[in-house]
Amino acid sequence: MNSRYDGRQALGQAGEKAAAAFLATRGYQLLERNWRCRSGEVDIIAQNGPLLVFVEVRTRQSARYGTATESVDVRKQRKLRQLASIYMQHTSRQTEQVQFDVLAMMRNGEEWRIQHIEQAF
């Protein structure tokens, strides 16, 4: 593995950990982190009142290559909808109200700047 990839992977994991903590402090009940199936992965699945929330976490150290929210394109949105459907079938949660959120995590040293976009798509 190259160190650039390792650094990005570590940053992503740190961002997901901080995102999970952020959601928990706001009353979200975390159900899954990094839920995987054959079709892909969902970063965080949480319950927020009556809503089953599928969260895409995007972590950046700078906006050099675009913002975190810009990286959740139409293709990624379609993939998350597909994964949500598979998860609900897998867990028999067909009657749930679903919401898709994006958490844009920007790291500056040890500090996190967090943008929570509820009902992102």
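The values are calculated or read from the model by the stated rules, or taken from the named source; none is laboratory data. What you are looking at is a predicted structure, and each value in this text was computed from that prediction instead of being measured. Using ideal geometry, Cβ is built from the backbone for each residue, glycine included, and neighbour counts are taken over all protein chains shown.
Key figures
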| item | result |
| --- | --- |
| Restricting segment 30-62 to residues that are outside any strand (DSSP E or B) and of a type outside the set (Gly, Ala, Ser), the residue that is surrounded by the most Cβ atoms within 10 Å (Cβ to Cβ) | 61 |
| Residues of segment 4-29 satisfying the condition of being surrounded by 16 or more Cβ atoms within 10 Å (Cβ to Cβ), touching a residue at least 60 places away in the same chain (Cβ under 8 Å) and of a type in the set (A, V, I, L, M) | 18, 19, 23 |
| Filtered residues of segment 97-116 (kept if charged (D, E, K, R) and either modelled with pLDDT under 85 or in a loop (DSSP other than H, G, I, E, B) (or both)) | 107, 110 |
| Among residues of segment 47-96, those that are of a type outside the set (Phe, Trp, Tyr) and either closer than 17 Å to residue 23 by Cβ or modelled with pLDDT under 90 (or both), counted | 32 |
